[in-house]
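The values are calculated or read from the model by the stated rules, or taken from the named source; none is laboratory data. All of these numbers come straight from a predicted model, not from anything done at the bench. Don't worry about glycine lacking a Cβ; one is built from the backbone with ideal geometry, like all the others, and counts go over all protein chains shown. Accessible surface is based on the protein model in full, side chains and every heavy atom, while ligands, DNA and RNA are left aside. Shrake-Rupley method; radii C 1.70, N 1.55, O 1.52, S 1.80 Å.
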Amino acid sequence: MNYNKKSVEDIDVAGKKVLVRCDFNVPVKDGVITDDKRIVGAMKTIEYLVAQGAKVILCSHMGRPHNVLDAELKLDKKEKKKIAELPAEEQEAATAAALEKGKKDITKLSLKIVADDLTKKGIPVTLAADVIGPDAQAKAAALKNGEVMLLENVRFHAAEEKNDPDFAKALASLAEIYVNDAFGTAHRAHGSTAGVADYLPAVCGYLIQKEIDVMGKALEDPKRPFVAILGGAKVSDKIGVIQNLIEKVDTLIIGGGMAYTFFRAFGNSIGTSLCEEDKLDLARELVEKARAKGVNFLLPVDNVIAREYKEDSTFMRIYSDSIPDGWMGLDIGEKTQELYSKSICGAGTVVWNGPMGVSEWENFAGGTRAVAKAVAESGAISIIGGGDSAAAVEQLGYADKMTHISTGGGASLEFLEGIELPGIACLLDK
Ligand code: ADP
Ligand code: MG
């Protein structure tokens, strides 16, 4: 995969209509944005384009709306199935009710709230009533240099997620340049994330540029020693990441629920800890591979165990990597924290994905806290990928000590797996 992509600074945008795919998929509760991080994150690219005198056309998805702007309102699969299971005489009314609900998404999942928020933040934005319809076309045509508009939720069209070429072409026809700055959807080949680049010169914004700069460099030419820390619930979620990183790292640290599948694969008792029985062979293979490559492969040597999977469960520390019957491992123990911190402290590059325990619960957050502290103090280039890991680091107060916290959960995982992301592959090479 080529991580060397042209950015907004490598193309002349002055006086040009520039379509920018942002990630404005912000959480909204009772009509209020509860976390505006994504909007704030998008502002650097927008402000640059405005300062350059571009005519800026923003677009994004929000949530999973019914595809209300297509010629016919379509129901999603789940809803269709539910209706099909009803008695025949009730199906028509149920279909009508579902479609009516879909129409409400126009207000519920409208990007108006984002346009208002950007305006409040000092970037005046007008919202088009549609995505590729007459209002979007008229507003785009009337844009003056340095003005900003926002299209409606691209997922109001089923064609967006289908990456329908006619939709992508219509979207492209609004502009002269395409900028992708939505890393969170870069692993999806949708109309606005990749398809549109077939018809316009395509470059990245500052957010994607940082993602590929920092993470691409770590994967291609890391400052050594290169330490990967992998945790989270399941081995199966992280197989691709482990396999890709095993080829590149000096040390691989395993924590979280996935550790117990490794324990079990080597005959240790694990009590009622998480375990994927069908991944035992794979676990042995991965350890074997690490050994053959000379990768330092670390598993927990002690644990915090609990009676039940509950926040207030009885718990205790055990100085062993064997878990007694009737107990489950919910965090790494203190010895392990020390051992892991020591490895991290000398690292040149750290990539971390997945908490070391059930860090949402204070009694089982110690391992994640210790590792976060070690990473923050290591002086290494530190990269946090994965939604829960990013949330944990933020919640524990170490976010500003990290080199980079990836803004895309699924996208950063696929990136670390070495998979080519369509939203990045479609951009012009430098
Ligand atoms: P990320 O989103 O950073 O990729 P994951 O989604 O893979 O991380 O993993 C996070 C989840 O793993 C959290 O919900 C956490 O509670 C859970 N988890 C971590 N350790 C354990 C454990 N020992 N047992 C059960 N669940 C665990
Ligand atoms: Mg997660």
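Taking the longest Cα principal axis of the chain as reference, the axis of helix 206-220 is set at about 30 degrees. Distance distribution P(r), segment 280-351, all Cα-Cα pairs, bin width 5 angstrom from 0: 3, 15, 18, 16, 20, 15, 9, 4, 0 percent.
In segment 373-430, if the dipole is taken from +1 on Lys/Arg beta carbons and -1 on Asp/Glu beta carbons about the Cα centre, which of 423, 407, 382 is farthest to the positive end? Result: 382. Among 20-26, 299-305, the peptide with the highest mean count of other Cβ atoms within 10 Å heads the list, and the full ranking is 20-26, 299-305. Net charge of the neighbourhood of residue 246, taken over other residues with C-beta under 13 Å away and scored Lys/Arg +1, Asp/Glu -1, is 0.
Going by average Cβ density within 10 Å per residue, which order do the peptides 55-65, 273-283 take, highest to lowest?
Values: 55-65: 23.8, 273-283: 17.1.
Order by mean packing, descending: 55-65, 273-283.
Result for the chain in a Gaussian network model with C-alpha springs under 10 Å: among 231, 367, 122, the largest mean-square fluctuation is at 122.
Could you give the dipole magnitude of the chain about its Cα centre, charging the beta-carbon of Lys and Arg +1 and that of Asp and Glu -1, in debye to the nearest 20? Don't jump to the answer; show the numbers that get you there.
On the way: 52 positive and 63 negative charges, 147 e Å.
For this selection, approximately 700 debye.
Sorting the segments 405-411, 258-264 by their residues' average number of neighbouring beta-carbon atoms within 10 angstrom, most packed first, yields 258-264, 405-411. All alpha carbon pair distances within segment 222-417 were sorted into 10 Å bins beginning at 0; the resulting P(r) in whole percents reads 10, 40, 38, 11, 0. Scaled against the 2.2 N^0.38 Å expected of a compact globular protein of N residues, the Cα radius of gyration of segment 361-402 reads 1.07.
So for the chain: antiparallel DSSP bridges make up what percent, rounded to the nearest 5?
On the way: 11 of 50 bridges.
Of the beta bridges lying entirely in the chain, close to 20 percent run antiparallel.
Averaged over its residues, segment 1-139 has an accessible area of 55 Å² per residue, based on protein heavy atoms and a 1.4 Å probe.
With both partners inside segment 222-417, how many of the DSSP beta bridges are antiparallel, as a percent to the nearest 5?
Numbers: 8 of 28 bridges.
Within segment 222-417, antiparallel bridges account for around 30 percent of the total.
Taking every protein chain into account, the accessible area of segment 222-417 amounts to 40 square angstrom per residue (probe 1.4 Å).
When the accessible area of segment 222-417 is computed with all protein chains present and a 1.4 Å probe, what percentage of it is carbon and sulfur?
Details: 3800 of 7900 Å².
The C+S portion of the solvent-accessible surface of segment 222-417 is 48 percent.
Legend: Rg and Dmax of the chain, from Cα coordinates, 24.0, 70 Å.
At 222 nm, what value in deg cm²/dmol follows for the chain if DSSP H runs of at least 4 each add -39500 (n - 2.57) and the sum is divided by all its residues, to the nearest 500?
Values: 16 runs with 168 residues, N = 430.
Dividing the helical sum by the residues of the chain leaves -11500 deg cm²/dmol.
Between 314, 356, 296, the Cα set farthest toward the positive side of the dipole of segment 290-369 (charges on each charged residue's Cβ, about the Cα centre) is that of 296. Excluding same-chain neighbours fewer than eight residues apart, the aspartates and glutamates reachable from residue 144 by a Cα-Cα span under 17 Å are 12, 47, 135, 176. Just checking the listed ones, 328, 402, 316: in the Gaussian network model of the chain with Cα springs under 10 Å, the one fluctuating most is 316.
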